[in-house]
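Below is one structure, written out as structure tokens; comments come after it.
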Amino acid sequence: MIALRTDREIDRIRESCRVVGLAHRALRGLIRPGVKTAELDRVAEEVVRSCGATPAFKGYHGYPATACISVNEQVVHGIPGDRELREGDLVSIDIGAKLGGYYGDQALTTAVGEVSPEAQRLMRVTRESLFKGIEASRAGQRLAGICGGIQRWVEARGVSVVRQFVGHGIGRRLHEEPPVPNYLPLDRNPRLRRGMVLAIEPMVNLGKPDVVVAGDGWTASTADGLPSAHFEHVVAIMDGDARILTMTEEEIVDGK
Ligand code: MF3
Ligand code: CO
């Protein structure tokens, strides 16, 4: 069953997404060579809690932190710790928050200082693919339009979409129906309806799509060791274009 949210509920989810965006904004100002990923996580938790919200990932299936911080070849679910960021790193940060019973969730990949042209292109293609998915998020169309739109954009540019992890419905729980893969074919291909709220989150690898999970049970890295990027927005299906409930990168960076 895919929940259809009222406009009031969509506003509540947007509030939770705003908290997540504020945490991303705080971290953006701290990302530089020498900062430890655990320091970033501590600030993310402070921001979330100062908004009266709760970190959504902490305790989720035993996940130990507020943010997932995945560096370079790490794809998703990197656990913050003593690792220091270095010039040239690609850092993917994913944060979730729960406020007033509704969840928000957003991921962004950022360059630490100067990164290679391939890494820059990987980030750009991943971000663009997310917006291809958002453009296909229209009532009356089917889910496959989103998934296929992302996959086509990515693969036409010679990079690859991760299969092991997918986007999801979101609202009263962090992960709701339907799964939102970044590839086809789908097991189920529901028609999109007004009020559906989806977390669309392409994970794109510079090399092969294969991912391996580390002994910590969480950190997923590319099997070939090449870098990966991750961008995630939460969108509500409306009458025309989808409404993006998460902050735009401009809002995060410019502090509006
Ligand atoms: N954005 C990811 C997701 O929605 C992050 C989940 S991390 C976890 O699936 F720790 F909560 F699992
Ligand atoms: Co998500």
Is it the case, given these coordinates, that residue 14 is open to solvent by 60 Å² or more (accessible area, probe 1.4 Å) and within 16 Å of ligand 2 (Cβ to nearest atom)? yes
Any idea which of (1) hydroxyl-bearing (Ser, Thr, Tyr); (2) buried (at least 24 other Cβ atoms within 10 Å of the Cβ); (3) free of Cβ contacts under 8 Å to residues at least 40 places away in the same chain is the one residue 116 doesn't satisfy? (2)
Return yes or no: is residue 148 open to solvent by less than 10 Å² (accessible area, probe 1.4 Å), at pLDDT 95 or above, over 14 Å from the mean Cα position of the chain (by Cα) and not aliphatic (A, V, I, L, M)? yes
Please go through segment 23-43 and give me each residue that is touching a residue at least 40 places away in the same chain (Cβ under 8 Å) and touching a helix residue (DSSP H, G or I) at 6+ places or on another chain (Cβ under 7 Å), ordered by number. 23, 24, 25, 27, 28, 40
How many residues does segment 180-212 hold that are in a loop (DSSP other than H, G, I, E, B), in contact (Cβ under 8 Å) with a residue 60 or more places away in the chain and closer than 15 Å to residue 75 by Cα? 3
Could we say that residue 208 is surrounded by fewer than 17 Cβ atoms within 10 Å (Cβ to Cβ) and not hydroxyl-bearing (Ser, Thr, Tyr) here? yes
Step by step: first the residues of segment 92-126, then only those that are within 15 Å of the chain's Cα centre (by Cα) and charged (D, E, K, R), then the one that is farthest from ligand 1 (Cβ to nearest atom). Which residue is that? 124
Residues of segment 215-239 being among the small types (Gly, Ala, Ser) and open to solvent by less than 10 Å² (accessible area, probe 1.4 Å), which ones? 220, 228, 229, 236
What do you reckon, is residue 8 touching a residue at least 12 places away in the same chain (Cβ under 8 Å), on the phi < 0 side of the Ramachandran plot, surrounded by fewer than 24 Cβ atoms within 10 Å (Cβ to Cβ) and more than 15 Å from ligand 1 (Cβ to nearest atom)? no
So residue 40 fits all but one of (1) away from ligand 2 (no atom under 16 Å from the Cβ); (2) in a loop (DSSP other than H, G, I, E, B); what number is the exception? (2)
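Evaluate segment 151-174: report whether one residue or more is more than 16 Å from ligand 1 (Cβ to nearest atom) and in contact with a Gly (Cβ under 6 Å, 6 or more places away or on another chain).
The answer is no, given that none of the residues of segment 151-174 is more than 16 Å from ligand 1 (Cβ to nearest atom) and in contact with a Gly (Cβ under 6 Å, 6 or more places away or on another chain).
The values are calculated or read from the model by the stated rules, or taken from the named source; none is laboratory data. For clarity, every value in this text was computed on a predicted model and none was experimentally measured. For neighbour counting, all protein chains shown are included, and Cβ atoms are generated from backbone atoms with ideal geometry for every residue, glycine included. We work out accessible area using only protein heavy atoms, side chains counted, and drop any ligands, DNA or RNA first. Shrake-Rupley method; radii C 1.70, N 1.55, O 1.52, S 1.80 Å.
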